[in-house]
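Peer 1: Let me give you the structure first, and then I'll get to my questions.
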Amino acid sequence: MMKWLKRLFFTFILFTVLGIITVAGIYYSVKNDLPDVASIQNIKLQVPMKVYSIDGELISQFGEKRRIPLTIDKVPKQLINAFIATEDNRFYQHFGIDPIGIVRAAFVLISTGRAKQGASTITQQVARNFFLTREKTFIRKIKEVFIAIELEKILSKDEILMLYLNKISLGHRAYGIGAAAQVYYGKTVQELTLSEMAVIAGLPKAPSRLNPIYSPSNAKSRRNIVLRRMLEENYITENEYNDARDEPIISQYHGAEITLSAHYAAEMARIKLIELYGIDRSYHDGFNVYTTINNKFQQAANKAVILNSHAYDERHGYRGAKKSLWQAPEPVWEISKIRDYLKKQAHFADIYPAIVLKVNTQSIEIQSQQSPKKTQLITWDGLKWARPFINDKRQGRAPKVASDIVNTGDQIWVRQTENGWALSQYPEVGAAFVSLNPKDGAITAMVGGFSYIQSKFNRATQAQRQIGSTIKPFIYSTALDNGYTLATLINDAPINHWTGETSWRPKNSPPVYDGPIRLRLALGKSKNVVSVRLVQDLGVDKVIDQLAKFGFNRDKLPRSLSLALGSASTSPLELAVGYAMIANGGHKIEPYLIERIEDAYGNIIYQAKPKIVCDDCAALYQQMENTDIVAPESESKTCAISPVAKDQIAPQTISPENAFLVSQLLNTAIWGGGSWRDNTGWNGTGWRAMTTLNRHDIGGKTGTTNDSKDAWFAGYLSKIVAISWVGFDNFNRNLGKASWNSNLDKNQISGGEFGARTALPAWNTFMLDVGLDQDEYMTPMPVDIGTVRIDRETGLLSNETDYHSRFEYFIKGTEPTDYAMPSALRNDANSEENEIF
């Protein structure tokens with residue numbers, strides 16, 4: 001007996017030694033191929049870039065992999081238990097490999113002939129996921145074992161577990177449990193039910209086949225296995241097991257939780273990040289980009305562009321159904337077929353595809369993509385706008401019954417309005433809107449078109465369009481720097497300008513001429529010929545120099561008199577900078593979008609340093625020598641930050657006196673002038689802003705280019721600058737005109753399209769949402785500005801105090817010195833002159 005025991009003992013020793021030698025031999029044979037396991041401590045998970053508004057709303061996410069890295073304290077205990085019970089129930093006991101688990105898996109394989117249990121531990125899976133390929137070879141498995149053992153030496157169990165839970169692929173481009181919870185359930189991990197946790201814990205085995213979107217039945221079977229393992233390991237009670245097992249599998253794909261639509265701004269931010277850090281880092285390093293976009297402002301801009309685009313489009317008629325899916329006597333589609341068809345269709349902005357099920361006399365019944373479970377009714381109020389579109393200048397007769405518009409089986413576009421569902425269509429006209437803070441250039445809202453999905457061309461920054469009469473304030477600014485005043489008279493009369501063999505005859509729009517007219521009135525009424533006369537007198541070069549001070553690219557400015565009528569082309573954002581300088585007192589600000597960039601751990605790696613309008617700072621710098629930073633007193637601070645570096649102060653390129661006087665001109669373009677008592681009162685071209693907003697701190701200018709190819713409104717309210725543009729991407733297509741339709745508001749749809757009718761309504765809509773709760777802010781009057789009473793007709797000094805006169809602003813020393821003839825004497829003289837002739 002002892003003899004056999006000795007033999008057995010020596011055999012055991014022999015095999016043990018041979019095993020050790022074999023393991024050592026294998027180790028040294030693969031040693032040079034093993035990675036530096038310590039490097040895992042510095043490995044960065046591929047995390048997508050996220051772009052946020054300034055107030056923390058998610059705008060977009062860029063990167064191939066969806067991942068939301070979590071720390072262990074953020075993961076529910078039962079979710080951890082679900083993974084451990086399923087993947088590695090001895091995780092906290094073994095040293096990287098689990099000999100007991102290996103023996104158990106081998107026994108099951110021998111007894112059943114099938115590999116029902118895996119032998120890889122969580123640590124081994126981490127080793128494979130981070131350092132190895134998924135090829136099934138003996139050498140790879142050996143490497144996996146050695147790496148796992150090394151990982152256990154340098155990392156804690158919790159660290160290994162979180163590497164696993166944040167790294168694993170769980171289907172639908174979701175990597176890690178945080179992303180999986182979002183993708184499958186639209187929840188954070190803390191919001192998951194026990195059943196949902198079990199579904200996610202069951203995914204690593206075969207994420208494409210077991211996920212609840214691809215196969216709810218497969219997901220259910222796998223979930224129940226996970227729940228059974230949790231029950232066996234005493235992680236849950238029998239009641240919890242039964243409740244979770246009975247919970248139905250309900251899941252659908254959830255994209256990134258975008259909480260604010262600002263796609264054009266997000267794309268600008270993406271491009272900037274790639275410029276700074278390259279594509280690979282931008283998409284994988286988990287940057288959190290905080291833009292200057294303001295949630296409230298952006299929502300208002302989105303609404304403004306969408307509603308205004310629909311308003312223009314509906315004025316010009318209905319272009320018909322997208323297609324006809326069936327026609328009588330063809331059989332009507334089954335509801336299930338209709339729903340399946342609608343699911344596959346795209347939708348844009350606020351319009352959704354729908355199918356006409358029934359046409360009544362003055363209503364239609366539809367099935368829409370947005371509400372697939374029930375039919376909707378569109379009443380006559382949502383249909384009557386749809387006169388047939390003939391061309392941009394002509395529309396057909398107003399419909400009388402619904403069958404004049406659509407037929408059963410038509411695929412149409414619909415949208416929800418304040419009055420319910422309405423027939424719609426995709427607007428062909430282009431639009432852009434941008435707003436910024438004139439004090440530092442922060443872009444607070446940006447819309448580059450009706451739908452980013454349909455067109456990624458950002459008209460707010462990339463479109464170069466002629467700016468029409470919105471250029472006039474800058475021409476008048478040039479005049480004010482060259483001897484003109486707000487009271488200077490200019491002849492508003494037709495011009496016949498010969499240029500060699502041809503004659504140029506610019507006209508007012510409308511073609512009304514008032515004769516000698518004060519500069520203030522000329523801008524308020526947008527007199528074209530006055531603008532031309534100013535450029536003629538000043539010279540094109542002086543005007544271009546002034547435009548350059550306002551931020552325009554002098555190389556792109558036409559060197560001809562056509563400059564006076566806005567033949568220069570620029571983008572809405574560039575135009576916004578010019579108007580911001582009028583609003584901020586003449587300081588050259590630079591527009592910027594990215595406020596800061598944080599890495600995946602919340603560390604700020606980039607902080608914007610915009611040019612700041614800070615009058616107090618400039619004054620302090622003049623008083624102090626040898627300093628680069630000042631901190632203005634809080635009670636007198638006019639800038640957004642403190643302290644302020646000298647190179648961060650926005651330069652004064654236009655004098656505060658000039659900017660103030662131009663702001664007065666823009667106020668007149670809104671509020672008009674004259675006196676209604678003697679029938680000389682008149683509205684400015686932007687009067688719709690006055691009647692809509694009823695604020696005295698509005699300044700703005702309409703703009704319409706030749707043949708109505710572009711419509712603009714540029715202006716500011718309080719401390720908000722905003723630009724609205726409407727036009728077609730096709731430069732050869734003009735905005736046309738809309739004929740009268742008794743079904744709609746006459747003021748809104750009759751006649752041609754121009755800045756005040758086509759672009760200004762979007763500006764008003766925006767300001768109604770964001771401007772009315774702003775404190776009224778009038779541009780402060782510089783110390784070198786004074787007022788005197790002038791005669792309204794001649795611009796000379798006046799002693800009268802009735803409606804024939806008004807107070808006017810002047811740069812001190814430029815006031816008129818002569819007095820006008822009293823109005824009564826002028827009237828008598830005019831009467832005598834009429835009697836003589």
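Peer 1: Is it fair to say Gly186 is under 35 Å from the mean Cα position of the chain (by Cα) and open to solvent by 10 Å² or more (accessible area, probe 1.4 Å)?
Peer 2: When the stated conditions are applied, Gly186 passes them.
Peer 1: Among the residues that make up region 541-560, is at least one of them open to solvent by less than 10 Å² (accessible area, probe 1.4 Å) and in a loop (DSSP other than H, G, I, E, B)?
Peer 2: Yes, because at least one residue in region 541-560 is open to solvent by less than 10 Å² (accessible area, probe 1.4 Å) and in a loop (DSSP other than H, G, I, E, B).
Peer 1: Residues in region 505-525: is at least one modelled with pLDDT of 90 or more, among the small types (Gly, Ala, Ser), surrounded by fewer than 12 Cβ atoms within 10 Å (Cβ to Cβ) and not in a loop (DSSP other than H, G, I, E, B)?
Peer 2: Among the residues of region 505-525, at least one is modelled with pLDDT of 90 or more, among the small types (Gly, Ala, Ser), surrounded by fewer than 12 Cβ atoms within 10 Å (Cβ to Cβ) and not in a loop (DSSP other than H, G, I, E, B), which makes the answer yes.
Peer 1: Oh, and also: Among the candidates Lys153, Lys167, Lys205, Lys187, which residue alone is closer than 24 Å to Tyr241 by Cα, at pLDDT below 90 and in contact with a helix residue (DSSP H, G or I) (Cβ under 9 Å, 6 or more places away or on another chain)?
Peer 2: Residue meeting the stated conditions: Lys205.
Peer 1: While we're on this one: Within region 486-504, restricting attention to residues that are open to solvent by 10 Å² or more (accessible area, probe 1.4 Å) and modelled with pLDDT of 90 or more, which residue is farthest from Arg806 (Cα to Cα)?
Peer 2: Only one residue fits best here, namely Ile495.
Peer 1: Another question about this same structure. Given Asn294, Asn302, which one is crowded, with 23+ Cβ neighbours inside 10 Å and touching a residue at least 40 places away in the same chain (Cβ under 8 Å)?
Peer 2: Asn294
Peer 1: So if I check each of Gly483, Gly448, which one is under 20 Å from Lys709 (Cα atoms) and either open to solvent by 40 Å² or more (accessible area, probe 1.4 Å) or in contact (Cβ under 8 Å) with a residue 24 or more places away in the chain (or both)?
Peer 2: Every option except Gly448 fails the conditions.
Peer 1: While we're here: If you scan region 400-420, which residues turn out to be under 13 Å from Trp385 (Cα atoms), open to solvent by 30 Å² or more (accessible area, probe 1.4 Å) and not in a loop (DSSP other than H, G, I, E, B)?
Peer 2: Asp404 - this is the single residue of region 400-420 that is under 13 Å from Trp385 (Cα atoms), open to solvent by 30 Å² or more (accessible area, probe 1.4 Å) and not in a loop (DSSP other than H, G, I, E, B).
Peer 1: Yes or no: region 379-392 includes at least one residue that is modelled with pLDDT of 95 or more, more than 28 Å from Gly736 (Cα to Cα) and not aliphatic (A, V, I, L, M).
Peer 2: Within region 379-392, one or more residues are modelled with pLDDT of 95 or more, more than 28 Å from Gly736 (Cα to Cα) and not aliphatic (A, V, I, L, M).
Peer 1: Quick check on this structure: which one of Ser451, Ser477, Ser455 is under 30 Å from Val644 (Cβ atoms) and not in a strand (DSSP E or B)?
Peer 2: Ser477 is the lone residue from the list that is under 30 Å from Val644 (Cβ atoms) and not in a strand (DSSP E or B).
Peer 1: From the residues in region 325-352 that are hydroxyl-bearing (Ser, Thr, Tyr) and part of a helix (DSSP H, G or I), which one is nearest to Tyr592 (Cα to Cα)?
Peer 2: Tyr341
Peer 1: Helices (runs of 4 or more DSSP H) wholly in region 191-282 with at least 1 residues that are out of contact with any Pro (no Cβ under 8 Å at 6 or more places or on another chain), of a type in the set (A, V, I, L, M, F, W, C) and open to solvent by 60 Å² or more (accessible area, probe 1.4 Å) - which ones?
Peer 2: It comes to 216-232.
Peer 1: What do you reckon, is Val145 surrounded by 23 or more Cβ atoms within 10 Å (Cβ to Cβ) and closer than 24 Å to Pro99 by Cα?
Peer 2: No.
Peer 1: Related question: Quick one: count up the residues across region 550-606 that are polar (S, T, N, Q) and without any contact (Cβ under 8 Å) to a residue 40 or more places away in the chain.
Peer 2: Going through region 550-606 one residue at a time, the tally reaches 4.
Peer 1: Before we move on, is Gly286 on the phi > 0 side of the Ramachandran plot and either among the polar types (S, T, N, Q) or in contact with a strand residue (DSSP E or B) (Cβ under 7 Å, 6 or more places away or on another chain) (or both)?
Peer 2: yes
So that you can scan it fast, the table gives a plain yes or no per residue for (1) touching a Gly at 6+ places or on another chain (Cβ under 8 Å); (2) surrounded by fewer than 22 Cβ atoms within 10 Å (Cβ to Cβ):
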| site | (1), (2) |
| --- | --- |
| Val289 | no, no |
| Asn308 | no, no |
| Arg315 | no, no |
| Ser324 | yes, yes |
| Glu330 | yes, yes |
| Leu342 | no, yes |
| Ile364 | no, no |
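Okay, residues lined up against (1) in a helix (DSSP H, G or I); (2) modelled with pLDDT under 65:
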site	(1), (2)
Ala24	yes, yes
Tyr28	yes, yes
Lys44	no, no
Val51	no, no
Asp55	no, no
Gln61	no, no
Ile80	yes, no
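Peer 1: Restricting attention to region 801-819, which residues are at pLDDT 90 or above and surrounded by 15 or more Cβ atoms within 10 Å (Cβ to Cβ)?
Peer 2: Listed by number, the residues that qualify are Ser805, Arg806, Glu808, Tyr809, Phe810, Ile811, Thr814, Glu815, Pro816.
Peer 1: Can Ile467 be described as among the β-branched types (Val, Ile, Thr), without any contact (Cβ under 8 Å) to a residue 24 or more places away in the chain and under 24 Å from Ala583 (Cα atoms)?
Peer 2: no
Peer 1: In region 283-324, what count of residues is obtained for those that are in a helix (DSSP H, G or I) and under 16 Å from the mean Cα position of the chain (by Cα)?
Peer 2: 12
Peer 1: What number of residues within region 696-736 are in a strand (DSSP E or B) and open to solvent by less than 30 Å² (accessible area, probe 1.4 Å)?
Peer 2: 22
The values are calculated or read from the model by the stated rules, or taken from the named source; none is laboratory data. From a predicted model like this one, the values you see are computed outputs, not experimental measurements. Here Cβ is always computed from backbone atoms with ideal geometry, including for glycine, and neighbour counts include all displayed protein chains. Ligands, DNA and RNA are stripped out before the accessible areas are found, and what is left, the full protein with its side chains, is counted by its heavy atoms. Shrake-Rupley method; radii C 1.70, N 1.55, O 1.52, S 1.80 Å.
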